[in-house]
Amino acid sequence: MSSTRGRVATVMVVTAGLVGMAMLAMSVAARSTASPRAASGGAPAAGLPAAGLSAAGLSAAALLSGLSPLPVPERWTSATIPSGAATLAYPSSWRPIPGDSGTVTAALRDRAGLYAGYLNLTPRQGREQLAGWAAFRTRRNAEDGDRQVHKLAAAEGIGFTNARGSCVVDQYLSRVAAHRYRELACIVAGRAHTSVFVGATLVSDWRTLGPVVERAAAALRER
């Protein structure tokens with residue numbers, strides 16, 4: 001969970017087995033688009049009273065304001081997209097899964113055999129830009145059939161290793177199977193290449209898996 005691949009929208013169709021994951025990969029194929037400036041629900045986070053933000057919005061804004069480059073954790077695995085433009089890191093307990101040509105994807109199953117977590121790295125292939133990324137991403141999600149798409153927080157000017165990026169944390173009801181997901185989606189521009197990172201979990205799993213998604217974003221290497 002086309003012009004760009006990095007979206008999990010429909011992505012996390014959370015169905016057991018390879019059939020569910022194939023559906024996930026197809027939906028990803030349809031998606032991709034100074035200190036960090038964070039916002040929740042479209043309003044600037046700076047100076048906004050806490051009462052003006054939901055708990056989820058506060059959490060998402062805090063995630064983005066604290067996002068910064070970090071080394072790959074020990075015992076994590078790294079995978080570079082075929083073009084060599086960027087490298088995704090993920091926990092060794094997660095497993096690489098088949099995806100679209102030119103991309104790297106890893107996922108985690110829960111005890112019931114369902115896909116609980118998803119990470120994807122895709123080279124930019126469409127009109128995505130750092131400026132206005134949050135609006136582009138959430139609009140694309142809705143156009144692809146997701147419902148109740150809601151931006152929790154967004155930031156531009158985020159530092160990555162040898163790169164700068166824009167990120168959005170959003171929540172939606174997937175088109176397939178109507179599961180509720182939360183994702184961190186970033187467009188990251190390096191010296192020569194631009195890629196799209198997407199990490200997503202079921203909303204119910206965000207408390208435990210959200211930090212893994214954030215760490216994977218922080219360890220992203222763009223060239």
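Calculated FRET efficiency, Asn162 and Ser204, Cβ-Cβ r, R0 35 Å, to nearest 0.05? Efficiency, rounded to the nearest 0.05: 0.50. The 3J(HN,Hα) values that the Karplus relation (6.51, -1.76, 1.60; θ = phi - 60°) gives for region 78-90 are, in residue order, 10, 9, 9, 5, x, 6, x, 6, 7, 10, 9, 10, 8 Hz. Gly and Pro appear as x.
3J(HN,Hα) couplings calculated from phi for region 117-134 with the Karplus curve 6.51 cos²θ - 1.76 cosθ + 1.60 (θ = phi - 60°) are, in sequence order, x, 8, 10, 9, 10, 9, x, 4, 10, x, 9, 4, 9, 5, 6, x, 4, 4 Hz; Gly and Pro show x.
Remark: the Arg191-Ser68 segment gains 42.5 nm on full extension, using 0.36 nm per residue and subtracting the alpha carbon distance. For Tyr115, the residues whose amide H sits under 5 Å from its own are Val14, Thr15, Asp110, ignoring neighbours fewer than 5 places away on the same chain, with H placed 1.01 Å from N.
Mean silhouette area of region 108-171, derived from the convex hull of its C-alpha atoms and averaged over all directions, reads 6.0 nm².
Taking a ≥ b ≥ c as the square roots of the eigenvalues of the alpha-carbon gyration tensor, region 122-223 is classed oblate because a/c is 1.5 or more while a/b is no larger than b/c.
Quick note: the coordinates plus some simple rules give every number you see, no bench work behind them. Predicted model, so just to flag it, every value in this text is computed and none were measured. Cβ sites come from the backbone with ideal geometry, for glycine too, and all protein chains shown count toward neighbours.
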